[in-house]
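So the structure is just underneath, and the comments pick up after that.
Throughout, read-outs are computed from the coordinates displayed, never taken from laboratory work. Note that the structure is predicted; figures quoted are calculated from it, not measured. Positions of Cβ are backbone-derived with ideal geometry, glycine not excepted, and every protein chain shown enters the neighbour counts.
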2 protein chains.
Amino acid sequence: MKKIKRLVDHIISRVNVNLKPIGRDVEKSVRQSIRTDKLTKYYAYYALSIGHPWYFRFQESNLGGTYFLGKCEVDRSVVLMSDIRGDELKPKGAVVSFGGLETELYQDEIIQVVSSFLIKTLVHNHSRNSEIPEYFRILNTVAMHYSNIHGTTTEGAYLGAFATADLSVLHNCALGDFAYVQAGDLSRASIRSGRVWIRQSGKFEFDYAHDPEVIDRYVTFDEAGQLSGVFSDFVKGRRSDFLPMYDSLAFESPVAIPDGAFLSRYAVVKGDTCLGENSLVAQRAYLENAQLGKGSNAQENCFIVDSQLEGLDVVAHGGKLIHTMLGKKVFVGFNSFLYGESDRKISVGAGTIVMPHTIIDAQEPINIPEDFLVWGYIQTQADLEGHSMSLNDFAKQRTVRRGNLVFEGDGAAFIEGFRARIDHILLENGACYDGKKQTRGHAQRTQSVSYNLFQPYLAGEEEAMFPAIVVGNR
Amino acid sequence: MKKIKRLVDHIISRVNVNLKPIGRDVEKSVRQSIRTDKLTKYYAYYALSIGHPWYFRFQESNLGGTYFLGKCEVDRSVVLMSDIRGDELKPKGAVVSFGGLETELYQDEIIQVVSSFLIKTLVHNHSRNSEIPEYFRILNTVAMHYSNIHGTTTEGAYLGAFATADLSVLHNCALGDFAYVQAGDLSRASIRSGRVWIRQSGKFEFDYAHDPEVIDRYVTFDEAGQLSGVFSDFVKGRRSDFLPMYDSLAFESPVAIPDGAFLSRYAVVKGDTCLGENSLVAQRAYLENAQLGKGSNAQENCFIVDSQLEGLDVVAHGGKLIHTMLGKKVFVGFNSFLYGESDRKISVGAGTIVMPHTIIDAQEPINIPEDFLVWGYIQTQADLEGHSMSLNDFAKQRTVRRGNLVFEGDGAAFIEGFRARIDHILLENGACYDGKKQTRGHAQRTQSVSYNLFQPYLAGEEEAMFPAIVVGNR
């Protein structure tokens, strides 16, 4: 185990060099999240997809339980039970635009994870790195349980549990638990837990702060490195359903997979579940008594239980729906938690946008109208008053101050930005596939995928280190 | 499937260029052995052993169902359901001796399979290549079902079903079905089916020929590429027992594994089976109601059914024992078939050597004394008369002519050579491990092994081609 110990020390030192100046010491979080006995327990795996260019190079790392898709390099890192999903990497020759200036990629874009520690983290590319658009880089970064690194270069960063860094570039930044940022380039920023912050410089700024008591109840990451609270209790209760799937190589879908739909063999499907055409169920998604209408998708770490999705619904990474009905084309943002019960269901009208990191913990039946924007923390129908607004009304605002929300700027641009993004997601996922090539997306392109499995050394000095592997051509 | 078709054409052309001059055309055998629909069905796997140096590089090949151990490179080949077992590769700096002249290895020895087609073949190294001892090379070679390439460089070679090339160098040679050669360097030789030929130049020559009717009954490889006969019927009847093992990643041994013993998780173990200390059961071995005494071993493609091995017994690759009792330190050579029934058991006395490719198909109980040499085809106790001799007597001979056997030369050297080899095998396998480092062998060194699995492309032009992979450092 000598080598893995040195590796962990190395990562801590690299991250702390960058984060101590902003008052963050990652040593405890990292050490206490690594269960040494588990480092040899899980295999890592990568997909050979014929629909995506791929290349993998792994060295001097532990990658237990992690899944890779696309083009990825991992050096001197510990990446545990995470998803490194490079299915939107840009090809050589693609033209990218930054602030109106265009430049062309001189090689295929690649995800690089270097000197980092990620645990149960979702990494989905679509880079915003204007310095080297060829690299989607996660460098000297620590990302805790169920965090999302999405379209975000992170160089010297800490992401707390259930935190999301979205479409940004982070240099020496720390995000508290359940914090969400989509704020362009950030440097030496420390974002407190439960803040939901979206900023487009010169255009708008959406800034919501969950109350500290709410964060305490839903996400607690204590000094001893123990994650607790409602979110993790919910997830832990269903963890054992995932295990048999990883022990077996044979796969038979428990439900019919209609034309154009994709069900990952690493998703859990239980009860009375059915999938519509062109729907996409990513790996590590959990469906139980779930009806997914045509073109709907359930991303990584989603839980859809006793719920119906009418169609073209997007449940972003980590979204959870329990006893929830979604009308058509509803968007449920990252790590949102919509928790109903059979006697107090949640229904969300067509076209509504549930902001990332929204909590709806229904104490009574809750009905959300069509074409609304919903945010924050909602327990009753009355709570909606202070935590939602029709999209049309929001588009007319220059300032919104309601409870913990401060919005300033161009409401129309904010709403339009969201709508465009939802359309982009549906397009990328192949939700509207009609047999023509230009409508193909992830659901269609990931069909003929095979998985290669690899494990660490089980004993000796290199115990828990994964072998150096190169697959395919750069 | 375009690429795999081109690959098969390529291999056929390379082998035929070398073998047509000696009258062998491999095209039919190769094409008819490849079931296109199966080329995407099986994963390949390699071991990360901490007891053996390893390195793997695979490119432009299909490797369905094949296992790799050690240092191996495969280029432009189809290697199906085979074992490429490089656990006796020599390290850099090792001194090898050829005809009394010594030379030192300038790098670690590596197995190279190039432009070849192997199916259900066992490759076990321990090279005899005086030209480049750093390479154990299988080049432009076709090896059919259950053949063994053992310590043998093959450059332009055809091995029929159940054929064995042992401790030799073959240049442009063809071995018929169930032929066995251990005859130094051979060039442009065509060995007929069922011949068992051991030659040490200037010392001795052992030459046995199975009757053509016997070969027809036990191994038939017909024009249509169908393998039939007693051997393949026997093997096919037990094939389904192997399948669940490959579908599951979890492994729990069905029997106790005593100190120093090794049981591959890819061996079948059924019924009332027990393993002694320091015993070794290689992958693709099949044990059913088998008692393996201390230090015994069952190599790849062995079947040990309703049989007892007292201890220090060696069952070489492909050896089959049914209702057979082995006394201590019995050697059963490659692909030997000892078939008893409950009312006509076979017993083999301690110290006896059963020559490679021996068939004992008991029509009545058969008892073979201690310290005997046994060869050929035996059905009754009376048959032993013409197919065995005490080792002491044999050692005194200069000529033996009995039935289909012609032996000429130094009987003592022949017997001593065999004994030395058996001791070498026991040593290499760790049969006499006593806790000290110098007594460790394969049984002990393969303990902490993990397996990486990899699959081919499942669709598109590259369908059935495996991805290019490099694992570890050369």
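Could the peptides B:17-28, A:137-148 be put in order, highest first, of the mean number of other beta-carbon atoms found within 10 Å of their residues?
Ranking, from highest mean packing down: A:137-148, B:17-28.
Go through B:THR154, B:ALA250, B:GLY311 and say which Cα lies farthest out towards the positive end of the charge dipole of chain B; charges sit on Cβ, +1 for Lys and Arg, -1 for Asp and Glu. So the residue we want is B:THR154. Shielding of peptide A:465-473 by partners, expressed as the average count of other chain Cβ atoms within 10 Å per residue Cβ, is 5. Under 5 Å between amide hydrogens, built in the peptide plane, is the criterion, and for B:TYR451 it picks out B:LEU48 among residues at least 5 positions away or on other chains. The other copies place their B:SER97 label points at 7.8 nm from this one, listed shortest first, where each point is 7 Å from Cα along Cα→Cβ.
Under 5 Å from the amide H of A:THR220 lie the amide H atoms of A:SER228, A:GLY229, each residue being 5 or more positions distant or on a separate chain, with H modelled from the backbone and absent for Pro and chain starts. Here's the picture: charge each Lys and Arg Cβ at +1 and each Asp and Glu Cβ at -1 in region A:347-474, and of A:LEU384, A:THR358, A:PRO369 the one pushed furthest to the positive end of that dipole is A:PRO369.
Distances between equivalent label points of A:ASP233 across the copies, with each point positioned 7 Å along Cα→Cβ, amount to 6.6 nm, shortest listed first.
Where does chain B land at 222 nm, in deg cm²/dmol rounded to the nearest 500, when only DSSP H runs of n ≥ 4 count, each adding -39500 (n - 2.57), divided by all residues? Display every interim value, and only then the final one.
Numbers: 9 runs with 75 residues, N = 474.
Computed mean residue ellipticity for chain B: -4500 deg cm²/dmol.
For region A:448-458, backbone phi angles converted through the Karplus equation (6.51, -1.76, 1.60; θ = phi - 60°) give residue-by-residue couplings of 8, 10, 10, 10, 9, 10, 9, 10, x, 4, 9 Hz, Gly and Pro being listed as x.
Highest mean packing first, where packing is the average number of other Cβ atoms within 10 Å per residue, the peptides A:115-121, B:357-363, B:433-439, A:391-397 line up as A:115-121, B:357-363, A:391-397, B:433-439.
Backbone geometry of region B:305-313 corresponds, through the Karplus equation with coefficients 6.51, -1.76 and 1.60 at θ = phi - 60°, to 3J(HN,Hα) couplings of 10, 6, 9, 10, 10, 5, x, 6, 8 Hz, x marking Gly and Pro.
Dipole magnitude for chain A: computed about the Cα centre from +1 point charges on Lys and Arg Cβ and -1 point charges on Asp and Glu Cβ, it is near 940 debye.
Across region B:222-296, Cα pairs under 8 Å and at least six residues apart give a relative contact order of 24 percent. Shape of region A:1-144 from the C-alpha gyration tensor: oblate (a/c of 1.5 or more and a/b not above b/c, with a ≥ b ≥ c the square roots of its eigenvalues).
Between the residues B:LEU167, B:SER240, A:GLN455, the greatest Cα displacement towards the positive end of the dipole of the protein assembly as shown, with unit charges on the Cβ of Lys, Arg, Asp and Glu, is found for B:LEU167. Taking every residue in B:449-461 and counting other chain Cβ atoms within 10 Å of its Cβ, the average works out to 6. The HN-Hα couplings worked out from phi for region A:154-164 by the Karplus form 6.51 cos²θ - 1.76 cosθ + 1.60 (θ = phi - 60°) are 10, 10, x, 8, 10, 10, x, 5, 6, 7, 9 Hz, whole numbers, x standing for Gly and Pro.
Between B:PHE242 and A:CYS432, the modelled labels are 5.2 nm apart [label points 7 Å from Cα along Cα→Cβ]. About the centre of its Cα atoms, region B:161-319 shows a dipole size close to 340 debye [charges on the beta carbon of Lys, Arg (+1) and Asp, Glu (-1) only; nearest 20 debye].
The calculated FRET efficiency for A:ALA413 paired with A:HIS171, based on their beta-carbon distance and R0 = 35 Å, is about 0.85. Distance between the 7 Å Cα→Cβ label points at A:ASN289 and B:ARG398: 9.3 nm. Inter-copy label distances for A:ARG398: 11.9 nm (label point placed 7 Å from Cα along Cα→Cβ; shortest first).
Counting, for every residue in A:241-248, the Cβ atoms of other protein chains within 10 Å of its Cβ and taking the mean gives 2.
Under the definition of Cα pairs under 8 Å and six or more residues apart, what whole-number percent is the relative contact order of region A:48-191?
On the way: 452 pairs, mean separation 21.5, N = 144.
Worked out over region A:48-191, it gives 15 percent.
Averaging the Cα positions of each part gives two centres, and for region B:325-351 and region A:313-339 these lie 67 Å apart.
I need the Kirkwood Rh of the protein assembly as shown: take the reciprocal of the average 1/r across all distinct C-alpha pairs and report it in angstrom.
Numbers: mean 1/r = 0.0326 Å⁻¹.
Result for the protein assembly as shown stands at 30.7 Å.
Listed here are the pairs B:LYS329/B:LYS436; A:LYS270/B:LYS3; A:LYS236/A:LYS436; B:LYS41/B:LYS437; A:LYS120/B:LYS3; A:LYS71/A:LYS328; which of them are more than 30 Å apart at the Cα? Correct reply: A:LYS270/B:LYS3; A:LYS236/A:LYS436; B:LYS41/B:LYS437; A:LYS120/B:LYS3; A:LYS71/A:LYS328. Taking amide hydrogens as placed 1.01 Å from N in the peptide plane, the amide H of A:THR141 sits under 5 Å from those of A:SER116, A:PHE117, A:GLY156, A:ALA157, each at least 5 positions away in sequence or on another chain. Compute the Cα gyration tensor for region A:395-466, then decide on rounded, prolate or oblate, letting a ≥ b ≥ c be the square roots of its eigenvalues: rounded whenever a/c is under 1.5, prolate when a/b is larger than b/c in the other cases, and oblate in all that remain. Oblate, because a/c is 1.5 or more while a/b does not exceed b/c.
Rounded, prolate or oblate: which fits region A:112-237 when a ≥ b ≥ c are the square roots of the eigenvalues of the alpha-carbon gyration tensor, with rounded for a/c under 1.5 and prolate only if a/b beats b/c? Oblate shape, in that a/c is at least 1.5 and b/c is the bigger or equal ratio.
Work out the length of the dipole vector of region B:20-90 about its Cα centre, built from +1 on the beta-carbon of each Lys and Arg and -1 on the beta-carbon of each Asp and Glu, and round it to the nearest 20 debye. Write out the running numbers ahead of the final one.
Values: 12 positive and 9 negative charges, 44 e Å.
Charge dipole of region B:20-90: 200 debye, to the nearest 20.
Once you keep just the Cα pairs under 8 angstrom separated by 6 or more residues, what percentage relative contact order results for region B:319-474?
Details: 290 pairs, mean separation 17.7, N = 156.
RCO, region B:319-474: 11 percent.
Distance from the C-alpha centroid of region A:68-104 to that of region A:380-458: 20 Å, rounded to the whole angstrom.
Suppose R0 equals 30 Å. What FRET efficiency, 1/(1 + (r/R0)^6) with r the Cβ-Cβ distance, do B:GLU131 and B:LYS203 give to the nearest 0.05? Mind showing how you got there, number by number?
Numbers: r = 23 Å, r/R0 = 0.76.
So, using R0 = 30 Å, E works out to roughly 0.85.
Hey, can you rank B:297-306, A:95-104 by average C-beta count inside 10 Å, highest first? Display every interim value, and only then the final one.
Values: B:297-306: 25.6, A:95-104: 9.7.
Highest-to-lowest ranking by the protection proxy: B:297-306, A:95-104.
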